[in-house]
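A short write-up of the structure that comes next.
The values are calculated or read from the model by the stated rules, or taken from the named source; none is laboratory data. Predicted model only: the values in this text are computed from it and were never measured. Here the Cβ is made from the backbone with ideal geometry for all residues, glycine too, and neighbour counts use every protein chain on show. Surface accessibility is based on the protein's heavy atoms, side chains included, excluding ligands, DNA and RNA. Shrake-Rupley method; radii C 1.70, N 1.55, O 1.52, S 1.80 Å.
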Amino acid sequence: GSFDRKAQRMPKGDVAVGLEEIASGLAVPLVLTFAPGQKHRLYVADQIGIIRIIDHGRLLDEPFLDLRPWLKKLTPAYDERGLLGLAFHPQFDRKDHPGFRKFYTFTSEPPGPCEIPLTNAAEKVDHLNVVTEWRVSDDDTNRVDVGSRRVVFSYATPNFHHNGGSIAFGHDGLLYISVGDGGTGVVFTPGKPPVGVAQDIESPRGKILRIDPLGLQCVKAGTGQY
């Protein structure tokens, strides 16, 4: 039907919406989240590989975690790789729980050994997408114990783009991972009909994955054991 402009109008109400800057100087902030039990803190994941803390509305100078030593070198002009996901364990604030002070990142890292390699011989590995567990330092809650680094899931991907990367814990205590198709829509395997990579159940790409990183629900924890 015809477009009725009057139907798009709303009466002016008594609620005003405004913007207030609380942090600046970031490169490509992709995630803004909080840790359970912390009321006055926010954590910002910057795609270039740095996690920063906003404490009581102030951006702290020192990084919470600098992941750049582990990342694939990014292209300054444009890139879809980097630090793409950040999630705190729902029991982050419980001292009696294995999830105490633990959180997880989704990163793009250089090619190497991984849990799920590429199966299509025509594809070349561009980088690995890696989900890693970290633990906050016992001595300083503004820092991460880099020695606690534990890879819990990793897979190879053929292109720099279509990575996905958002991660979050569900009410079931499991970690949900959004995985892009890696920039390859269709997989061609000799002797088999072509299949969309997202429809290929042998590939993690183009999926929502659900894992138990701590192995608390009758699932062994550790890369290669899901």
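General remarks:
- Elements of type strands (runs of 3 or more DSSP E) in the stretch 106-218, at least 2 residues being open to solvent by 70 Å² or more (accessible area, probe 1.4 Å) and under 26 Å from Leu32 (Cβ atoms): 144-157, 207-211
- Contact map, the stretch 17-32: residues that are under 26 Å from Ile167 (Cβ atoms) paired with residues that are part of a loop (DSSP other than H, G, I, E, B), Cβ distance under 7 Å, separation 6+ or inter-chain. Pairs shown: Ile22/Gly57; Ala27/Gln47; Ala27/Ile48; Val28/Gln47; Val28/Ile48; Leu30/Gln47.
- All positions within the stretch 93-105 that are open to solvent by 10 Å² or more (accessible area, probe 1.4 Å) and assigned to a loop (DSSP other than H, G, I, E, B): Asp93, Arg94, Lys95, Asp96, His97, Pro98, Phe100, Arg101
- Test: Ser137 is without any contact (Cβ under 8 Å) to a residue 24 or more places away in the chain and polar (S, T, N, Q): yes
- Any chance Gly13 is open to solvent by less than 70 Å² (accessible area, probe 1.4 Å), at pLDDT below 90 and assigned to a loop (DSSP other than H, G, I, E, B): yes
- Within the stretch 42-92, restricting attention to residues that are farther than 26 Å from His171 by Cβ, aliphatic (A, V, I, L, M) and open to solvent by 50 Å² or more (accessible area, probe 1.4 Å), the residue that is modelled with the highest pLDDT is Ile48.
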